[in-house]
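Structure record follows, encoded as C-alpha cells.
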Amino acid sequence: MKRIINFSGGKSSALMTILEYNPETDYVVFCDTGREHDKTYKFINDFEAFENIPIIRLGGKDSFTKYLAKRDFEEIPNMMKRSCTIELKVKVARRWARKNIGMSYDSLLGFRFDEPQRVVKNKKRWQQVNNVFPLFDKKINKAYVNDYWLNKPYTLEIPSILGNCTLCFMKGKSKIISILRVYPELANEWIEDERLSSLKYGYTYLKDMSIEQCLKISQTPDLFTSINLEYLSPAFDCSCSS
C-alpha cells in the first residue's frame, strides 16, 4: 500500500515523518498555502538536508491569494466557511495522488496523543483513503515532541502558534492579537484580503473584527500582560497537520 505522509512544516509532522518514512512506499507531501512563516520554510529546507528525506512541495507562494482571487474575494474563509484547508491542502494532495499513485492509499497525519478530538474528527473522510495517526497510536504528546527536538542540530525556530498559516482564524481573536504584538508585519497580506473583499462583500476572517482592527489593538500598550508565544495554542482545532 502506498502512503502519503502529510508534512505541515511543524515539529509534530516532522517527527512523524522521521519515525515512519519508508522510501519504498512513502511520499512526503507539503501543501504550501503561501501563508507560512519564513522560518517554516527554513525548517523544511533544514529537514531535507539533515534527514535526507525528500519532500514533495505542492502549491506555492501565491496559492492562498490565487485561491481568494479566483472567487473574487467573495469567499473569505472563516469559522462558518472553512474552505481553505480543503481547497489548499486536502484537494491539492488528492489531485497529486490521483495523477501519481492512484486513489487508494494510506494518509498519515501528525495528530498527537493529546489531540484525540482531531483524530476522531478525521478518522474517515474520503472513500478509499485510510487516515492513519502514528503519533496518536504511539501515545506521543506535545511534551515528547518538544523534548525530541531539543536534541536535534536544527529545529523550528518559531513558537508552534505560528505554525500553518500565520494568522489563521482558527487561532482565535485573542491569539492573533498576541501574535501581532510580536510580529505586526504579518498582518499586511491578511488586511489586503479583507480590503479587497470589502469593496464588494465586506467579509472578514474573524467575526465582528477585522485583522486591521486586531493590529490596532495589538499596538495599544498593555502594561499587565507579558507576551510569550511559546505557551499559546490555537483556540480551535483544524484539520491541518502540525
Normalised by the number of residues in the chain, what is the relative contact order in percent for Cα pairs under 8 Å and 6+ residues apart?
27
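Percent relative contact order of the stretch 55-194, based on C-alpha pairs within less than 8 angstrom and at least six residues apart? Before the final figure, lay out the partial values.
Values: 96 pairs, mean separation 27.6, N = 140.
So the answer I get is 20 percent.
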Can you pull the accessible area of Phe169 for me, 1.4 Å probe, Å² to the nearest 10?
10
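Pick out, in residue order, every one of the GluC sites (Glu not before Pro) in the stretch 1-109 that is DSSP loop and has at most 13 other C-beta atoms within 10 Å; say none if there are none. Don't skip to the end; give the middle numbers.
On the way: sites: Glu20, Glu24, Glu36, Glu48, Glu51, Glu74, Glu75, Glu87; in loops: Glu24, Glu36, Glu74, Glu75.
Here the GluC sites (Glu not before Pro) that fit, given the DSSP loop and packing criteria, are Glu24, Glu74.
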Projected convex hull area of the stretch 75-176, Cα atoms, direction-averaged, in nm², equals 8.6
Going by alpha carbons, how many degrees (0 to 90, nearest 10) lie between the helix axis of 187-198 and the longest principal axis of the chain?
70
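Over the stretch 154-217, how many pairs of lysines fall under 17 Å by alpha carbon, counting only those 8 or more apart in sequence or from different chains?
Numbers: Lys171/Lys207; Lys173/Lys207; Lys173/Lys216; Lys175/Lys207; Lys175/Lys216; Lys207/Lys216.
Qualifying lysine pairs in the stretch 154-217: 6.
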If one takes the longest principal axis of the Cα atoms in the chain, at what angle in degrees, from 0 to 90 and to the nearest 10, does the Cα axis of helix 38-51 lie?
10
The distance between the Cα centres of the stretch 91-108 and the stretch 67-90, in whole Å, is 21
Would you please give the residues with an amide H less than 5 Å from that of Val28, counting only those at least 5 places away or on a separate chain, with H modeled from the backbone geometry?
Ile5, Ile56
Cross-link pairs beyond the 20 Å C-alpha cut-off, checked among Lys2/Lys66; Lys99/Lys123; Lys91/Lys121
Lys2/Lys66; Lys99/Lys123
In deg cm²/dmol, rounded to 500, what helix-only [θ] at 222 nm does the chain give when every DSSP H run of at least 4 residues adds -39500 (n - 2.57) and the total is split over its residues?
-10500 deg cm²/dmol
Within straight cross-link reach of Lys81, meaning Cα distance under 18 Å, which aspartates and glutamates are found once same-chain residues fewer than 8 apart are removed?
Asp72, Asp193, Glu194, Asp208, Asp237
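How big is the chain by the Kirkwood estimate over distinct Cα pairs, in Å?
Details: mean 1/r = 0.0534 Å⁻¹.
Its Kirkwood hydrodynamic radius stands at 18.7 Å.
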If ligands, DNA and RNA are left out, what is the accessible area of Asp72 with a 1.4 Å probe, given in Å² to the nearest 10?
60
Using the alpha-carbon centroid of each, what span in Å lies between the stretch 149-171 and the stretch 7-52?
12
If I build a Gaussian network model for the chain, linking alpha-carbon pairs within less than 10 angstrom, which residue out of Asn131, Asn45, Asn228 has the largest mean-square fluctuation?
Asn228
Using alpha-carbon coordinates, inclination of helix 173-182 to the longest axis of the chain, degrees
90
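The values are calculated or read from the model by the stated rules, or taken from the named source; none is laboratory data. The shown structure was predicted, so the numbers you read here are calculated from the model rather than taken from an experiment. We place every Cβ from the backbone using ideal geometry, glycine too, and count neighbours over all the protein chains shown. Note: accessible area is taken over every heavy atom of the protein model, side chains too, but ligands, DNA and RNA are not part of it. Shrake-Rupley method; radii C 1.70, N 1.55, O 1.52, S 1.80 Å.
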